[in-house]
Amino acid sequence: MGNGKSSLEKPVVNSQLREHFEGRRVLVTGHTGFKGSWLSLWLSELGAEVTGFALPPEYSNSHFQLLDLERRINHVEGDLRDENLVQGVFRSARPEVVFHLAAQALVRRSYQDPKSTFDINVSGSVNLLEAVCNSSDVRSVIFVTSDKCYSNKEWIWGYRENDELGGDDPYSASKAAAEMVFFAYYQSFFKVRPDLGAASVRAGNVIGGGDWAADRIVPDCVRALDAGTPIKLRNPEATRPWQHVLDPLHGYLRLAANLLEMPSKFGGAWNFGPDLKTGRTVKQLAEIAISIWGHGQIITQHAENEPFEHRLLQLNIDKSRLNLGWQPCWSSDQAILEAISWYKRFRSGEIPEEISLSQILAFMEQIK
């Protein structure tokens, strides 16, 4: 297992987070994905002994590969649906802290393959929670779902952690189901262990560098701008709570640290989202991307028989503000700026690891 040093001279973490994670054994499922790779990089900089468990990277230029993350952490490839393999990873890694991010995370793909979506997001999560139950080492669990776990009523206000769960599409329904599975394990098995803290976390539309997934607005914008073709928008007036990937990850890290110290106080469900007043429409995001890139145009393209997409979904983050002391650091505008700037810097030849580490450093300096 590697723990390579960054080429940056300044540390990218503050002392408080380092105190909680330095030298700890940490398992990150889904580390080859977008959010998981950013989290694994951050944890590595914190001095954690990171084991990542996930399927191979889906894209040849994935953030995981661009970072050469395999030299920093213990990289284990495997399928969350394989119960025996999951149990084996827990036995060998003996994690003290678990961040569960592995998932089928695309709404449109869930329409194309609903069974795999439920198998991964629900049955796979059961395998993960079973492994936690069977481990005497785990002390803190962050179970990542999505803001789409809420039954979306197109409210103009944000959903709270105790609002109704549900989903009109397979992805959203799978995340609501995963939340219910987590709650059952939490109530039945985790709360009775005084040395174990567990929480589910829900975040909105997360953006940032190194995401190449299809049918996601920022990668779609970058591909169009890079190719010199128009940015095609399906729902230009849809409002989304854009937040940079570092904001919810900071929330996950703070919550995991608090679960280590006071498991009963910080267990349960938590929302991590931007300030509602900073939300932007899809069209506004594309316009900011064009201004940063320096050229480009937008066209609206409504195809027939498109999967249903909600126009409005926002989270209430009062609980995280008041009880955890967390609040969003970057506005939606700055999140878009940092995300598009990552790709522009990458296209200009900068080293991806240094781009990502410099953004982590800038983020941490801003929250001090």
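Of the conditions (1) farther than 24 Å from S320 by Cα; (2) open to solvent by less than 20 Å² (accessible area, probe 1.4 Å); (3) touching a residue at least 24 places away in the same chain (Cβ under 8 Å); (4) of a type outside the set (A, V, I, L, M), D168 satisfies every one except a single condition; which number is it?
(2)
Could you tell me which of the residues D163, D195 is part of a loop (DSSP other than H, G, I, E, B), more than 26 Å from Q359 (Cβ to Cβ), touching a residue at least 24 places away in the same chain (Cβ under 8 Å) and of a type in the set (D, E, K, R)?
Among D163, D195, only D195 is part of a loop (DSSP other than H, G, I, E, B), more than 26 Å from Q359 (Cβ to Cβ), touching a residue at least 24 places away in the same chain (Cβ under 8 Å) and of a type in the set (D, E, K, R).
Quick one: in the range 107-137, which of the residues that are more than 21 Å from the chain's Cα centre (by Cα) and either of a type in the set (D, E) or open to solvent by less than 40 Å² (accessible area, probe 1.4 Å) (or both) is nearest to A48 (Cα to Cα)?
Checking each candidate, the answer is D137.
Any residue in the range 19-35 that is modelled with pLDDT under 90, of a type in the set (S, T, Y) and over 22 Å from P219 (Cβ atoms)?
No, there is no match, as no residue in the range 19-35 is modelled with pLDDT under 90, of a type in the set (S, T, Y) and over 22 Å from P219 (Cβ atoms).
If you go through the range 52-67 one residue at a time, how many are part of a strand (DSSP E or B) and among the aromatic types (F, W, Y)?
So the answer is 1.
Scan the range 202-218 residue by residue and report those that are over 19 Å from D247 (Cα atoms) and crowded, with 19+ Cβ neighbours inside 10 Å.
Within the range 202-218, W212 is the sole residue that qualifies.
Can we say K344 is basic (K, R) and within 21 Å of the chain's Cα centre (by Cα)?
No; evaluated as a whole, the condition is false for this residue.
Taking into account only those residues within the range 138-165 that are among the aliphatic types (A, V, I, L, M) and at pLDDT 95 or above, which is most open to solvent (accessible area, probe 1.4 Å)?
Here the residue is L165.
Name the residue that is farthest from G88 (Cα to Cα), counting only residues in the range 145-160 that are assigned to a loop (DSSP other than H, G, I, E, B) and in contact with a helix residue (DSSP H, G or I) (Cβ under 8 Å, 6 or more places away or on another chain).
Within the range 145-160, the match that is farthest from G88 (Cα to Cα) is W157.
Among the residues of the range 220-235, is any farther than 20 Å from S358 by Cα, basic (K, R), free of Cβ contacts under 8 Å to residues at least 40 places away in the same chain and surrounded by fewer than 23 Cβ atoms within 10 Å (Cβ to Cβ)?
Yes, there is a match, as at least one residue in the range 220-235 is farther than 20 Å from S358 by Cα, basic (K, R), free of Cβ contacts under 8 Å to residues at least 40 places away in the same chain and surrounded by fewer than 23 Cβ atoms within 10 Å (Cβ to Cβ).
Which fully enclosed helices (runs of 4 or more DSSP H) of the range 255-368 have 1 or more residues being open to solvent by less than 40 Å² (accessible area, probe 1.4 Å) and within 26 Å of R234 (Cα to Cα)?
It comes to 282-293, 332-347.
Do we have A198 as at pLDDT 95 or above, within 20 Å of A102 (Cβ to Cβ) and among the small types (G, A, S) here?
yes
Scan the range 73-87 and report the pairs whose first residue is farther than 20 Å from D119 by Cα and whose second residue is open to solvent by 60 Å² or more (accessible area, probe 1.4 Å) and not in a helix (DSSP H, G or I), with Cβ atoms within less than 7 Å and a gap of 6+ or a chain change.
I73/M1; N74/M1
Return only the number of the condition from (1) touching a residue at least 40 places away in the same chain (Cβ under 8 Å); (2) in contact with a strand residue (DSSP E or B) (Cβ under 9 Å, 6 or more places away or on another chain); (3) small (G, A, S) that S174 does not satisfy.
(2)
With the checklist (1) out of contact with any Lys or Arg (no Cβ under 7 Å at 6 or more places or on another chain); (2) of a type outside the set (S, T, Y); (3) under 17 Å from A199 (Cα atoms) in hand, flag the one item G78 doesn't pass.
(3)
The values are calculated or read from the model by the stated rules, or taken from the named source; none is laboratory data. Since the structure is predicted, the reported quantities are computational estimates derived from the model, not experimental observations. No Cβ is skipped: glycine too gets one built from the backbone with ideal geometry, and neighbour counts run over all protein chains shown. Each accessible area value is taken on the protein alone, full model and side chains, heavy atoms only, with ligands, DNA and RNA left out. Shrake-Rupley method; radii C 1.70, N 1.55, O 1.52, S 1.80 Å.
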